[in-house]
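Colleague: The structure that follows is given in the form of structure tokens.
The values are calculated or read from the model by the stated rules, or taken from the named source; none is laboratory data. Predicted, not measured: the structure shown is a model, and the values here were computed from it. Cβ: placed from backbone, ideal geometry, glycine included. Neighbour counts: every protein chain shown.
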Amino acid sequence: MKKYNIYGIGAAIVDTEVIVSDSFLNQNKIDKGLMTLVDEERQRYLINTLTSQRIPVKRSCGGSACNSVVAASRFGSELSFLGQLLMMMKVNSLLKI
């Protein structure tokens, strides 16, 4: 049986980062510089709005357990992660263009 230094269990959240204008934030009632969790319907609306305007979207793994496991792996720990992907997105670091 394989041994691990760390076994992470948690939600596998997807971080989504986009660079948008202040007018986009105002039109969509999003506070600048804050993380915003949204439900599936709001996520679909925002992604459709962004992709129709051809704004690049960057996605990466997220969630505290996942982020901790990734950090520990960079220090050489043997690890495993068990998570469930939630149908939410974090609109993280919305910046002015």
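Colleague: Can you tell which of Ala71, Ala65 is surrounded by 12 or more Cβ atoms within 10 Å (Cβ to Cβ) and closer than 20 Å to Ile13 by Cα? Let's see the steps before the verdict.
Modeller: Details: Ala71 fails: surrounded by 12 or more Cβ atoms within 10 Å (Cβ to Cβ).
Testing whether each residue is surrounded by 12 or more Cβ atoms within 10 Å (Cβ to Cβ) and closer than 20 Å to Ile13 by Cα leaves just Ala65.
Colleague: With the requirement that a residue be within 26 Å of Val70 (Cα to Cα) and either outside any strand (DSSP E or B) or touching a residue at least 60 places away in the same chain (Cβ under 8 Å) (or both), what does the range 13-38 give you?
Modeller: The first filter runs over the range 13-38 and keeps only residues within 26 Å of Val70 (Cα to Cα), leaving 13-19, 33-38.
Of everything in the range 13-38, those that are within 26 Å of Val70 (Cα to Cα) and either outside any strand (DSSP E or B) or touching a residue at least 60 places away in the same chain (Cβ under 8 Å) (or both) turn out to be Ile13, Val14, Asp15, Thr16, Glu17, Val18, Ile19, Gly33, Leu34, Met35.
Colleague: In the range 47-80, which residues are within 30 Å of Lys3 (Cα to Cα), part of a strand (DSSP E or B), of a type outside the set (S, T, N, Q) and modelled with pLDDT of 80 or more?
Modeller: Looking only at the range 47-80, we keep the residues that are within 30 Å of Lys3 (Cα to Cα), and these are 60-80.
Of the ones still in play, those that are also part of a strand (DSSP E or B) are 60-62, 79-80.
Those left that are additionally of a type outside the set (S, T, N, Q): 61-62, 79.
Scanning the range 47-80 gives a single hit, Leu79.
Colleague: Restricting attention to the range 9-28, report how many residues are buried (at least 16 other Cβ atoms within 10 Å of the Cβ) and at pLDDT below 85.
Modeller: Residues of the range 9-28 that are buried (at least 16 other Cβ atoms within 10 Å of the Cβ), as a first pass: 10, 12-16, 18, 20, 24-25, 28.
Subset that is at pLDDT below 85: 10, 12-16, 18.
Total satisfying the criteria: 7.
Colleague: Something else: Any residue that is among the aromatic types (Phe, Trp, Tyr) and either within 16 Å of the chain's Cα centre (by Cα) or surrounded by 12 or more Cβ atoms within 10 Å (Cβ to Cβ) (or both) - is there at least one of those in the range 29-51? Reasoning before the result, please.
Modeller: Step one: of the range 29-51, the residues among the aromatic types (Phe, Trp, Tyr) are 45.
Okay, now just the ones that are also either within 16 Å of the chain's Cα centre (by Cα) or surrounded by 12 or more Cβ atoms within 10 Å (Cβ to Cβ) (or both), so 45.
For the range 29-51, residues among the aromatic types (Phe, Trp, Tyr) and either within 16 Å of the chain's Cα centre (by Cα) or surrounded by 12 or more Cβ atoms within 10 Å (Cβ to Cβ) (or both): present.
Colleague: Answer yes if at least one residue in the range 34-42 is modelled with pLDDT under 85 and in contact with a Pro (Cβ under 9 Å, 6 or more places away or on another chain), and no otherwise.
Modeller: No.
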